[in-house]
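Read the figures in this text as sums done on the coordinates, not as results from a lab. Every value quoted in this text rests on a predicted model; they were computed, and no experiment measured them. Cβ placement follows ideal geometry from the backbone for every residue including glycine, while neighbour counts extend to all protein chains displayed.
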Amino acid sequence: MSIILCTQHKGGVGKTTLAVHFAGILISQLNRILLIDCDTQSNAWLFYFGDKPQAPLEIREYSNRLSIVWNPQREPIRRLADIESYDHVIFDMSTPLPDTVQVIAANHPDKIFIPVSPNPWAVEALSDNLPVIAALEEQSLVQPEITIVPLGSSKKEIDDKIKIINEVPKRYKVARRMRYLAKETDQALREGDFIWNYQKLEDVRDYFVSLLKL
């Protein structure tokens, strides 16, 4: 079983976009997935079900391969479900950075994905995200693989920003840039459909596959 965390402490940068599309890729590979929505707005839940959860810690089966739980209090996953029955657990994180620290320390993710949109504050937020993860590494709490995901943003700008950050995780990389599709991804989230199902966007599926290294 692997644990995947999608996090950024700025809103509207692509956390839910990554989480729901990763789930879509992995269930297509015949994996069994637990998607944990930690956001108070429950956008990952809304994407799949089209409605809001009735209560915290509600678990609903979307299919025989995908279960979704709304976990705004960020309870450790072993309190939520029999996680050994899943191949992958995916966290769609809430925005505050302390929430991410709580989830990392309690659940020891194998992979952390940090989306970066073209908004200037998304790149700037790396100055907070990366040192915090590096500090958790230093305490031997986690040794995750970090992938910074340019969702339409400049890879060079991200690389330049990282160069001036004093403390960064040992195992990080910057993925290749996905072309700017903010309007299209927003539409996909609203309509509860994967972006690669839209005309002329079929190739975007390969981008998400490459991030997961399947």
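Spherically averaged projected area of the convex hull of Cα atoms, region 1-154: 8.6 nm². Placing dummy labels 7 Å off each Cα toward the beta-carbon, the span from LEU30 to ILE164 is 5.1 nm.
Length gain on complete extension for the stretch ARG171 to GLN41, per 0.36 nm per residue less the alpha carbon to alpha carbon distance?
Details: separation 130, 0.36 × 130 = 46.80 nm, distance 3.09 nm.
Fully extending the segment from ARG171 to GLN41 adds 43.7 nm.
Please work out the FRET efficiency for the pair ASP206 and LYS183, using the Cβ-Cβ distance as r and a Förster radius of 22 Å; give the result to the nearest 0.05. Write down the numbers at each step before the final one.
Values: r = 20 Å, r/R0 = 0.93.
Rounded to the nearest 0.05, the efficiency is 0.60.
Karplus-derived 3J(HN,Hα) values for region 170-177, using 6.51 cos²θ - 1.76 cosθ + 1.60 with θ = phi - 60°, are 5, 10, 10, 8, 9, 5, 5, 6 Hz; glycine and proline are entered as x. For region 147-180, the residues whose backbone nitrogen is under 15 Å from a point 7 Å from the Cα of LYS213, taken along Cα to Cβ, are 147-149, 170-176.
Taking the alpha-carbon distance from LYS155 and a cut-off under 26 Å, which lysines remain once sequence neighbours fewer than 8 residues away in the same chain are dropped? Qualifying lysines at Cα under 26 Å: LYS10, LYS15, LYS111, LYS163, LYS170, LYS173, LYS183, LYS200, LYS213. For the chain, excluding the exposed loop sites themselves (chymotrypsin sites (Phe, Trp or Tyr not before Pro), DSSP loop, at most 16 other Cβ atoms within 10 Å), the longest remaining stretch covers 1-179. Given R₀ = 25 Å, FRET efficiency for SER2-ASN64 by Cβ-Cβ distance, to 0.05? Efficiency, from the Cβ-Cβ distance: 0.80.
Count Lys and Arg as plus one, Asp and Glu as minus one, and take only other residues whose Cβ is under 13 Å from that of ILE112; the net charge is then +1.
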